[in-house]
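Laboratory data are not the source of any read-out in this text; all were calculated from the coordinates shown. Please read these numbers as outputs of a predicted model, since none were measured by experiment. FYI the Cβ positions are ideal-geometry reconstructions off the backbone, even for glycines, and counts take in every protein chain you see.
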Amino acid sequence: MTITSSGELVDKLLELPNVKETPLYEKLRGGKVRCLVCERRCIIEEGRRGFCRTKVNLGGKLYTIVYGDLSALESRPIEIKPFFHFWPGSTALTFSTWSCNFMCPWCQNWHLSRAEPDPWKVNYISPEKVVDLAIRNGDEGLCVSFNEPLLLFEYSLDVFKLAKDRGLYNTYVSNGYMTLEALKMLKEAGLDGLKIDVKGGKEAYQRFNMADVDVVWRNAREAKRMGIHVEIVYLVVTKATDDEEVIRDTIERHLKELGPDTPIHFTRYYPAYEYHEPPTPVSKLEWAYETAKKLGVNFPYIGNVPGHKYENTYCPECGELLIKRYGMMVLRYRMKNDNKCPRCGKEIPIAGRYVKKGFSFARLLF
């Protein structure tokens with residue numbers, strides 16, 4: 001994965017708008033660098049790329065080659081992420097780039113996550129244009145999603161600051177494998193919401209991604225401590241992450257690290273990319289939901305089963321139906337501006353305000 005050893009070509013690369021030095025790396029001996037954006041902390045030789053294929057060592061400095069190189073740009077309901085307790089009913093201008101720092105064999109967006117970025121062939125969109133598009137489209141915020149958003153770390157820092165100045169919220173839909181330094185910089189730039197996919201227990205992380213689940217839980221905990229809104233998704237993958245003991249351990253870890261009011265979504269898997277086991281039985285998802293309730297989680301959900309009663313929000317005190325959903329659509333919102341149960345007065349943790357837009361579907365902008 002060598003980019004080039006020619007000084008002339010390096011000079012041309014550095015003139016591209018999508019090539020930008022990252023603020024998080026360490027210079028090592030022999031012209032090597034250590035990336036400090038992701039917890040893989042890749043040591044990268046001159047002219048080589050890191051694990052994610054978006055960071056390259058050019059002349060002993062570390063650059064991203066995907067700054068503003070967007071693979072998709074789409075206005076989408078916030079519920080589709082899913083965020084169920086963050087600006088319900090709103091839409092976010094959602095964008096992505098290429099590649100990933102994980103290797104999930106069941107990836108739904110493999111056409112993005114498995115594509116190796118080419119710095120010479122880009123669809124560059126400036127931070128200013130992204131924010132302007134969100135404002136013109138009537139979106140309440142921004143979301144970096146589809147592939148791992150951390151690959152747009154440098155771009156996010158600039159976009160989020162501009163978005164904050166224009167009154168927009170900023171969110172990530174992530175595998176949660178950033179360094180603490182990167183997480184703090186994202187928070188300082190204006191990250192408001194973080195949805196993290198927890199991909200099983202220790203064994204599954206090692207087997208499928210050569211990664212450490214403890215890093216993910218650490219980042220979830222620290223993000224919440226920083227005041228970032230956090231929601232967890234656990235994709236229940238047949239014969240991979242569906243072991244009941246592992247699911248129970250995940251629920252207990254969720255309670256320990258994030259508390260009972262942080263939402264956790266148990267999402268149905270469907271065959272994709274290189275993984276072809278049958279879809280998750282709905283009964284398994286229902287078991288996970290009911291186990292979470294018994295153990296003390298106030299807001300568990302089932303995902304990817306449109307119309308299921310467990311995708312609704314219920315009052316944990318009296319059981320009243322508060323938010324009725326159908327997939328990504330909010331059909332009914334029964335709380336007022338104070339976000340209290342109309343029956344018993346229990347305060348429900350909702351970040352941001354409810355935005356009534358009727359039926360919002362994804363709108364492709366390019």
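Residue order for CYS318, CYS143, fewest other beta carbons within 10 angstrom first, comes to CYS318, CYS143.
Ranked by the mean number of other Cβ atoms within 10 Å of their residues, highest first, the peptides 149-162, 216-229 come out as 149-162, 216-229.
Here region 164-189 and region 78-144 have alpha carbon centers that stand 13 Å from each other.
How do ASP139, ASP249 rank when sorted from fewest to most other Cβ atoms within 10 Å of their own Cβ?
Lowest count first: ASP249, ASP139.
The simple spin-label model puts a point 7 Å past each Cα toward its Cβ; for GLU244 and MET210 those points are separated by 3.5 nm. This model, with +1 at the C-beta of Lys and Arg and -1 at the C-beta of Asp and Glu, gives the chain a dipole about its Cα centre of some 660 debye. Site pair GLU252 and THR291 shows an inter-label distance of 1.1 nm when each label is modelled 7 Å from Cα along Cα→Cβ. Couplings for region 51-60, taken from phi via the Karplus curve 6.51 cos²θ - 1.76 cosθ + 1.60 with θ = phi - 60°, read 3, 6, 6, 10, 10, 9, 8, 10, x, x Hz in order; Gly and Pro are left as x. Farthest towards the positive end of the charge dipole of the chain, among the residues ASN298, PRO149, ALA115, is the Cα of ASN298, using unit charges on the Cβ of Lys, Arg, Asp and Glu. Remark: ASP197, ASP243, ASP165 ranked as ASP165, ASP243, ASP197, counting other beta-carbon atoms within 10 Å and listing the fewest first. Listed by chain and number, the lysines whose C-alpha is less than 18 Å from the C-alpha of LYS346, apart from same-chain residues fewer than 8 away, are LYS293, LYS324, LYS336.
Its Cα centre serving as origin, region 7-64 has a Cβ charge dipole (Lys and Arg +1, Asp and Glu -1) of approximately 300 debye.
Gain on full extension, evaluated as 0.36 nm per residue between HIS111 and LYS32 minus their Cα-Cα distance, stands at 25.4 nm.
Sorted on the mean count of surrounding Cβ atoms within 10 Å across their residues, most packed first, peptides 107-114, 36-43 read 36-43, 107-114. Normalising the average separation of contacting C-alpha pairs (under 8 angstrom, six or more residues apart) by the number of residues puts the relative contact order of the chain at 15 percent. Kindly flag which residue pairs out of LYS129/LYS195; LYS187/LYS239; LYS27/LYS195; LYS20/LYS224; LYS202/LYS340 have an alpha-carbon separation exceeding 27 Å in this structure. Pairs exceeding 27 Å: LYS187/LYS239; LYS27/LYS195; LYS20/LYS224; LYS202/LYS340.
Placing unit charges on the Cβ atoms only, positive for Lys and Arg and negative for Asp and Glu, gives region 147-293 a dipole magnitude near 340 debye about its Cα centre. Using the rule -39500 (n - 2.57) for each DSSP H run of four or more residues, divided by the residues of the chain, the 222 nm mean residue ellipticity is -8000 deg cm²/dmol.
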